[in-house]
1. Being under 17 Å from A58 (Cβ atoms) and small (G, A, S) is the filter; apply it to segment 84-105 and report the residue that is modelled with the highest pLDDT.
2. How many residues does segment 127-166 contain that are surrounded by 21 or more Cβ atoms within 10 Å (Cβ to Cβ), under 20 Å from N7 (Cβ atoms) and more than 13 Å from the chain's Cα centre (by Cα)?
3. Conditions first: (1) surrounded by 16 or more Cβ atoms within 10 Å (Cβ to Cβ); (2) farther than 27 Å from R186 by Cβ; (3) of a type in the set (D, E, K, R); (4) at pLDDT below 85. E113 passes all but one, so which condition is the exception?
4. When you scan segment 105-116, do you find a residue that is touching a Ser or Thr at 6+ places or on another chain (Cβ under 8 Å) and not in a helix (DSSP H, G or I), even just one?
5. Take the conditions part of a loop (DSSP other than H, G, I, E, B), aliphatic (A, V, I, L, M), surrounded by 15 or more Cβ atoms within 10 Å (Cβ to Cβ) and at pLDDT below 95 and apply them to L81. Does it pass?
6. What's the number of the only condition in (1) farther than 19 Å from L22 by Cα; (2) in a strand (DSSP E or B); (3) modelled with pLDDT under 90 that D157 fails to meet?
7. When the residues of segment 112-148 are narrowed to those that are touching a strand residue (DSSP E or B) at 6+ places or on another chain (Cβ under 9 Å) and polar (S, T, N, Q), which ends up farthest from T164 (Cα to Cα)?
8. Conditions first: (1) out of contact with any strand residue (DSSP E or B) (no Cβ under 8 Å at 6 or more places or on another chain); (2) assigned to a strand (DSSP E or B); (3) of a type outside the set (S, T, N, Q). P191 passes all but one, so which condition is the exception?
Amino acid sequence: MDGRISNEAFADKLREAVPKPLDNWRDIYDGFAPRDIETGERMRRVPPPEEMDARLAAVLVPVLMEPDGPHIVYTVRRGHLNDHAGQISFPGGSAEPDDDSLLETALREAEEEIDLGANLVEVVGEMEEMYIPPSNFLVKPFVGILPPEAELTLSPDEVEEIFTVPLETLLAPETLQRATLHREGRDYEVPVFALENSSERKLWGATAAMTAALLARLGWRVAPFGRSGESGAAR
């Protein structure tokens, strides 16, 4: 994608690209799953059998049209939360009985977490649902365009921080890196978007995979990490 195109032209590109099915979406989602360094096994994000009764959830992938170009909005979850505490994520959460749809879930959660009114969001489409094994969530991502004047305020009960990342940063080949994650006595290799020279700004897991699925719709080509850790990205 040419970073010099206008926000209006980019918004048109989003409106066209997001609703289209992504042929290799499963490869992208699986490619961003942690890989056990010792066994080489990767945590696959295969949707669970119906009898497992996964929890339905939705997130909003907000694209903020800043004067210097489009930015993706992320949050850092509070450390005391039951699910995905302290992680970088998109605004979202569990479906509630009063929600008429998963889209309503995503918009409600965005308003609760970052004070984003639904009237400021132009929803341009949805992406493929993702199963997250540790929390047993089946998540539907929706992509929304936000105008430059959108003011975001975090809910201190749920969100530690709101930050944005320029789309050009995410598209840069050097941003996609490998990292080692130590969990429950084992080491895992994970693909990450290295956003800054800080461990707090390495985007990985489900949020990274959803980000990659959006970028892929915009022409970004990614070779998901294989068993031996190969990766590659091109624009």
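The values are calculated or read from the model by the stated rules, or taken from the named source; none is laboratory data. Not measured: the values here are computed from a predicted model. Using ideal geometry, Cβ is built from the backbone for each residue, glycine included, and neighbour counts are taken over all protein chains shown.
1. Per the criteria, the residue is S101.
2. Summing the residues that are surrounded by 21 or more Cβ atoms within 10 Å (Cβ to Cβ), under 20 Å from N7 (Cβ atoms) and more than 13 Å from the chain's Cα centre (by Cα) in segment 127-166 gives 2.
3. Unmet condition: (4).
4. From segment 105-116, those touching a Ser or Thr at 6+ places or on another chain (Cβ under 8 Å) are 105, 112-115; that's our starting set.
Going one step further and asking which of them are not in a helix (DSSP H, G or I), we end up with 115.
Yes, segment 105-116 contains at least one residue that is touching a Ser or Thr at 6+ places or on another chain (Cβ under 8 Å) and not in a helix (DSSP H, G or I).
5. Yes: the conditions hold for L81.
6. (2)
7. N136
8. P191 satisfies every listed condition except (1).
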